[in-house]
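Heads up: the structure comes next, in structure tokens.
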Amino acid sequence: MQRAPGFDTLAVHAGDSPDPSTGALERPIVHASAYAFESAEDAAAQFRGVLGGDGRSGHIDRGHIYTRWSNPTVNALETKLAALEGAEASVVLASGMAAVTGAIEAFVASGDHVVAPRGLYAETARLLRERMPRFAVTTTFVNDVHVESYRRAITPRTRIVYAETPANPTLAITDLRALADMLRACEAEGVGHPSGMLLVVDGTFATPYHQRPLALGADLVLHSMTKALCGHGDAIGGVVSGRAELVTRLRADAVRTAGAVLSPPTAMLLSRGVRTLGLRMKQASGTALELARRLEADPRIARVHYPGLASHPHHALARTQMERGFGAMIAFEVAGGLEAGARAYDAVEVIARAVSLGDVRSLLTHPASTTSASMPREDRIAGGITDGLMRLSVGIEDVEDLWADLDRALA
Ligand SMILES: Cc1ncc(COP(=O)(O)O)c(C=O)c1O
């Protein structure tokens, strides 16, 4: 029996094959917006295939009509991501937020309900708090990530149950298998939406290298590809993966109709990034664990949140739910509060002061004044995003250089 390819082999080879017309190992980027038909009959057949079929024309080299519907360079990236995620299908979109918005909006109707945790990426929280109610879709935000809290919030109109794990920026871990089991048990008892409930998971902080939510029972997993999947801080994109039937609906709704299409040159940059995802995550998560340990032992630090530390409240769960390590994101509070934190923030030299994450460069963020500033203060604090919390995205630099930078900045 042939061995199933490992993660790094899939990252390099899935979706990629030599260009059939030239033999080029690296396929040319297909920039075209439209594709030629052979005849009136061919045009009509292509349209029948797209509009009546799965929303894309199937194979990579022929059968494309218009790049908002499908494109060979974009499709190759989707094939690679589906392989890494262990998914039937993936759809890539113009940004992580397009993925979040699409994964919710494609499956709800007016009057439906969403359950989500309070500690979420702030723009996702704003989508649920401010945008969705305009279409009469409401959200109950639960204060913690316990399955019982989610269960209590389910109503007869709950269609989407949303999780972000590890959460941005608090690193809280949601028990995906327990959450999925609870939803399936509810459905069996007729609890929740008459059409069933979908567990949608934002796995951006973990990447498919560390966590595969579909294998744990999630219906859809999404990522901001802008982060570690890209890895080099030079492209914006999003991806949603899951059962083909769900992905097809999402593609039709969010990409073909709402137009959140990823451009082909960006797809090429992202494909290149994904090929080294495993190598980068191995280095960055190893360094993150070491830095988290040193920060925790340091009297200048009040608290460290990292799922790989035994002191993390969800460490035991992270050990079973995450694979090959715990990711490259650390959150910490500097002793001496916000002012001491701001002084350290100003003093780093190797680490960049910037938002975003998952880059080869280490990046330091102060969420309360930047990425989470749009959240109402009480929501922010209830979600664990305290005034003094700092978020460090660990890059692939040498661990001793990163430690020397932090040590000096904290001095
Ligand atoms: C967890 C998480 N989800 C989604 C997003 C949105 O991604 P994008 O910036 O690519 O739209 C981000 C961005 O920071 C994020 O951190």
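Bear in mind that the values in this text are calculations on the coordinates, not laboratory data. Here the structure is a predicted model, which is why all the values come from computation and not from measurement. Quick reminder, even Gly has a Cβ in these numbers, built from the backbone with ideal geometry, and neighbours come from all protein chains shown.
Mind ordering 191-199, 311-319, 40-48, 172-180 by average Cβ neighbours within 10 Å, highest first?
So the peptides 191-199, 311-319, 40-48, 172-180, ranked by packing, come out 172-180, 191-199, 311-319, 40-48.
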Exercise for review: List the relative contact order of the chain as a percent without decimals, with contacts defined as Cα pairs under 8 Å and 6+ residues apart.
Suggested key: 17 percent
Check your understanding: Stretched out fully, how many nm does the piece from D8 to A258 gain, at 0.36 nm a residue minus the Cα gap?
Key -> 86.6 nm
Exercise for review: Would you compute the Debye intensity of region 277-410 from its alpha-carbon atoms alone, equal scatterers and no solvent, and pass along log10 I(q)/I(0) at q = 0.17 Å⁻¹ to two decimals?
Suggested key: -0.90
Revision key, fill the gap. Toy charge model, Lys and Arg Cβ at +1, Asp and Glu Cβ at -1: the chain dipole around Cα centroid in debye, rounded to 20, equals 480 debye
Study note, to complete from the structure: Those GluC sites (Glu not before Pro) from region 150-255 that are DSSP loop and have at most 15 other Cβ neighbours within 10 Å turn out to be E189
Practice item. Please give the contour-minus-distance gain from V355 to A310: 0.36 nm per residue of separation, less the Cα-Cα distance, rounded to one decimal in nm. Key: 13.4 nm
Check your understanding: How are the Cα pair distances of the chain distributed, in percent, across 20 Å bins from 0?
Key -> 27, 56, 17, 1
Check your understanding: What percent of all Cα-Cα pairs in region 83-275 falls in each 5 Å bin, counting up from 0?
Key -> 1, 8, 17, 22, 23, 16, 8, 3, 1, 0
Study note, to complete from the structure: Checked against the positive end of the charge dipole of the chain (+1 on Cβ of Lys and Arg, -1 on Cβ of Asp and Glu, about the Cα centre), the farthest of T226, G242, S285 is G242
Revision key, fill the gap. If the chain between R152 and A335 were fully extended at 0.36 nm per residue, the gain over the current Cα-Cα distance would be 62.2 nm
Point to revise | Proportion of all alpha-carbon pairs of region 183-322 beyond 19 Å (%) | key: 64 percent
Review point. So, in Å, what gap is there between the alpha-carbon centers of region 1-27 and region 327-399?
Key: 38 Å
Check your understanding: After finding the eigenvalues of the alpha carbon gyration tensor for region 157-237, what semi-axes result from the square roots of 5 times each, listed largest first in whole Å?
Key -> 27, 12, 10
Revision key, fill the gap. Per the helix-only model, the chain has a calculated mean residue ellipticity at 222 nm (DSSP H runs of ≥4, -39500 (n - 2.57) each, divided over all residues, rounded to the nearest 500) of -10500 deg cm²/dmol
Practice item. Calculate, axis by axis, the spread of Cα positions in region 316-375 along the three principal axes, and write the results as whole Å, longest axis first. Key: 37, 25, 24
